[in-house]
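To keep things clear, I will list the structure first and then write my remarks on it.
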Amino acid sequence: MSAKYFIYILVGILVVWSFDSLNINSLFKKNRVLQARVLYFMLALSMTYLVTNFIWDFFTVSKIFISYATKC
């Protein structure tokens, strides 16, 4: 199993935990609970994807710079 999967799980938990502080229902009309949940789910997936790829790319680029610096 790749380390990226563990980052996805960890970031997913953190994103849902942080979204829990938002009152997203105040943005919707009354009795639109399903639509609010779908938006919440889509935002959580999007944020998890973006943050995980940022972290993964950051560490990948950092390894390139470290290996390049040791060769010089």
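Might you check whether a residue that is at negative phi, in contact with a Phe, Trp or Tyr (Cβ under 7 Å, 6 or more places away or on another chain), open to solvent by 60 Å² or more (accessible area, probe 1.4 Å) and not aliphatic (A, V, I, L, M) occurs anywhere in the stretch 27-47?
Yes - at least one qualifying residue is present in the stretch 27-47.
Taking the stretch 15-26 only, how many residues are surrounded by 12 or more Cβ atoms within 10 Å (Cβ to Cβ), of a type in the set (A, V, I, L, M, F, W, C) and free of Cβ contacts under 8 Å to residues at least 24 places away in the same chain?
1
Anything in the stretch 55-72 that is modelled with pLDDT of 75 or more and not small (Gly, Ala, Ser)? List them, or say none.
Scanning the stretch 55-72 gives Ile55, Trp56, Asp57, Phe58, Phe59, Thr60, Val61.
What number of residues in the stretch 1-45 are hydroxyl-bearing (Ser, Thr, Tyr), assigned to a helix (DSSP H, G or I) and either modelled with pLDDT under 85 or in contact with a helix residue (DSSP H, G or I) (Cβ under 7 Å, 6 or more places away or on another chain) (or both)?
3
The values are calculated or read from the model by the stated rules, or taken from the named source; none is laboratory data. Since we're looking at a predicted model, the values are computed, not measured. Glycine gets a Cβ as well: all are built from the backbone with ideal geometry, and neighbour counts include every protein chain shown. For accessibility, only protein heavy atoms count, side chains too; no ligands or nucleic acids. Shrake-Rupley method; radii C 1.70, N 1.55, O 1.52, S 1.80 Å.
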